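Notes follow once the structure below has been shown.
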Amino acid sequence: MTTKIAGYPCTVRHLTADEGGGYLISFPDLPGCMSDGETMAETKRHAADAVAGYLASCRKHHDPVPEPGSGGPASGKFLVRLPKSLHVALAERAKVEGVSMNLMFTAIVAEGLGKRTMRPGRPARSRRQAQRA
(Lines give C-alpha, C1' and ligand atoms only; values in the text may rest on other atoms or scores of the structure.)
Protein backbone atom coordinates (compact mmCIF):
# COMPACT_ATOMS: atom_id res chain seq x y z
CA MET A 1 0.00 0.00 0.00
CA THR A 2 1.35 3.45 -0.87
CA THR A 3 0.41 6.78 0.64
CA LYS A 4 2.11 10.12 1.46
CA ILE A 5 3.43 11.51 4.71
CA ALA A 6 4.54 15.18 4.77
CA GLY A 7 4.33 15.11 0.96
CA TYR A 8 6.73 12.17 0.64
CA PRO A 9 5.48 8.97 -1.00
CA CYS A 10 5.84 5.97 1.25
CA THR A 11 5.19 2.26 1.24
CA VAL A 12 3.40 0.52 4.09
CA ARG A 13 3.44 -3.20 4.61
CA HIS A 14 1.98 -5.47 7.24
CA LEU A 15 4.58 -7.19 9.39
CA THR A 16 4.16 -10.91 9.96
CA ALA A 17 3.86 -12.36 13.45
CA ASP A 18 7.48 -13.52 13.14
CA GLU A 19 8.48 -9.91 12.44
CA GLY A 20 6.59 -8.68 15.50
CA GLY A 21 3.29 -7.73 13.88
CA GLY A 22 2.02 -4.24 13.12
CA TYR A 23 3.10 -2.19 10.13
CA LEU A 24 6.35 -0.98 8.58
CA ILE A 25 6.54 2.26 6.60
CA SER A 26 9.45 3.35 4.40
CA PHE A 27 10.21 6.30 2.12
CA PRO A 28 11.94 5.75 -1.26
CA ASP A 29 12.97 9.42 -1.43
CA LEU A 30 14.59 9.30 2.03
CA PRO A 31 17.11 6.42 2.21
CA GLY A 32 17.02 4.69 5.57
CA CYS A 33 13.97 6.61 6.77
CA MET A 34 11.42 4.15 8.10
CA SER A 35 9.22 3.54 11.08
CA ASP A 36 6.69 1.08 12.43
CA GLY A 37 3.72 0.82 14.71
CA GLU A 38 1.13 -1.56 16.09
CA THR A 39 -1.76 0.14 14.27
CA MET A 40 -1.91 2.09 11.02
CA ALA A 41 -2.63 5.32 12.92
CA GLU A 42 0.36 4.76 15.21
CA THR A 43 2.56 3.89 12.22
CA LYS A 44 1.61 7.14 10.46
CA ARG A 45 2.32 9.20 13.60
CA HIS A 46 5.71 7.55 13.99
CA ALA A 47 6.40 8.05 10.28
CA ALA A 48 5.69 11.77 10.49
CA ASP A 49 8.22 12.00 13.35
CA ALA A 50 10.76 9.97 11.35
CA VAL A 51 10.41 12.24 8.30
CA ALA A 52 10.71 15.38 10.44
CA GLY A 53 13.84 13.98 12.09
CA TYR A 54 15.35 12.96 8.74
CA LEU A 55 14.78 16.40 7.22
CA ALA A 56 16.10 18.15 10.35
CA SER A 57 19.25 16.03 10.16
CA CYS A 58 19.71 16.94 6.48
CA ARG A 59 19.46 20.63 7.32
CA LYS A 60 21.74 20.36 10.38
CA HIS A 61 24.48 18.61 8.40
CA HIS A 62 23.97 20.74 5.27
CA ASP A 63 22.98 17.68 3.26
CA PRO A 64 20.65 18.13 0.29
CA VAL A 65 16.97 17.69 1.17
CA PRO A 66 15.39 15.29 -1.35
CA GLU A 67 12.31 16.61 -3.13
CA PRO A 68 9.11 14.62 -2.56
CA GLY A 69 8.63 12.19 -5.43
CA SER A 70 12.26 12.39 -6.56
CA GLY A 71 12.73 8.63 -6.11
CA GLY A 72 15.73 9.02 -3.86
CA PRO A 73 19.37 9.20 -4.74
CA ALA A 74 19.24 6.98 -7.85
CA SER A 75 21.83 8.34 -10.27
CA GLY A 76 21.25 5.86 -13.06
CA LYS A 77 24.71 4.43 -12.44
CA PHE A 78 25.66 1.40 -10.36
CA LEU A 79 28.33 -1.30 -10.23
CA VAL A 80 27.40 -4.88 -11.05
CA ARG A 81 29.57 -7.93 -10.46
CA LEU A 82 28.95 -10.77 -12.93
CA PRO A 83 30.42 -14.23 -13.32
CA LYS A 84 33.08 -14.13 -16.03
CA SER A 85 31.04 -16.41 -18.26
CA LEU A 86 28.06 -14.05 -18.12
CA HIS A 87 30.31 -11.05 -18.77
CA VAL A 88 31.71 -12.79 -21.87
CA ALA A 89 28.22 -13.70 -23.08
CA LEU A 90 27.04 -10.10 -22.61
CA ALA A 91 30.06 -8.73 -24.48
CA GLU A 92 29.55 -11.18 -27.35
CA ARG A 93 25.83 -10.40 -27.60
CA ALA A 94 26.51 -6.65 -27.59
CA LYS A 95 29.08 -7.09 -30.36
CA VAL A 96 26.63 -9.11 -32.48
CA GLU A 97 23.96 -6.44 -31.95
CA GLY A 98 26.44 -3.64 -32.67
CA VAL A 99 25.82 -1.82 -29.40
CA SER A 100 27.73 -1.12 -26.19
CA MET A 101 27.59 -3.52 -23.27
CA ASN A 102 25.82 -0.78 -21.26
CA LEU A 103 23.07 -0.47 -23.83
CA MET A 104 22.77 -4.26 -24.14
CA PHE A 105 22.55 -4.66 -20.35
CA THR A 106 19.94 -1.87 -20.13
CA ALA A 107 17.82 -3.50 -22.86
CA ILE A 108 17.97 -6.91 -21.18
CA VAL A 109 17.05 -5.48 -17.78
CA ALA A 110 14.22 -3.37 -19.24
CA GLU A 111 12.85 -6.39 -21.08
CA GLY A 112 13.02 -8.51 -17.94
CA LEU A 113 11.32 -5.87 -15.79
CA GLY A 114 8.67 -5.34 -18.44
CA LYS A 115 7.80 -9.02 -18.43
CA ARG A 116 7.49 -8.98 -14.64
CA THR A 117 5.30 -5.87 -14.54
CA MET A 118 3.03 -7.22 -17.25
CA ARG A 119 1.88 -9.81 -14.70
CA PRO A 120 0.94 -7.65 -11.69
CA GLY A 121 0.22 -9.56 -8.52
CA ARG A 122 1.55 -12.80 -9.94
CA PRO A 123 5.04 -14.20 -9.53
CA ALA A 124 7.33 -13.86 -12.52
CA ARG A 125 7.90 -17.05 -14.48
CA SER A 126 10.99 -18.05 -16.34
CA ARG A 127 10.81 -18.44 -20.11
CA ARG A 128 10.99 -22.23 -19.63
CA GLN A 129 8.03 -22.18 -17.21
CA ALA A 130 6.02 -20.03 -19.62
CA GLN A 131 6.70 -22.44 -22.50
CA ARG A 132 5.48 -25.39 -20.41
CA ALA A 133 2.22 -23.63 -19.51
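Overview of values
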| read-out | value |
| --- | --- |
| Residue match in the range 60-78 (condition: part of a helix (DSSP H, G or I) and modelled with pLDDT of 90 or more) | yes |
| Top-ranked residue of the range 7-32 - restricted to ones that are closer than 17 Å to residue 64 by Cα and in contact (Cβ under 8 Å) with a residue 60 or more places away in the chain, ranked as surrounded by the most Cβ atoms within 10 Å (Cβ to Cβ) | 8 |
| Selection count where residues are more than 13 Å from residue 35 (Cβ to Cβ) and basic (Lys, Arg), scope the range 4-21 | 1 |
| Pairs with Cβ under 8 Å, 6+ apart, first in the range 62-75 and closer than 11 Å to residue 30 by Cβ, second modelled with pLDDT under 80 and part of a loop (DSSP other than H, G, I, E, B) | 66/72; 66/73 |
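The values are calculated or read from the model by the stated rules, or taken from the named source; none is laboratory data. Quick caveat, the model's predicted, so the values are computed rather than measured. Glycine also receives a Cβ, built like all others from the backbone with ideal geometry; neighbour counts cover every protein chain displayed.
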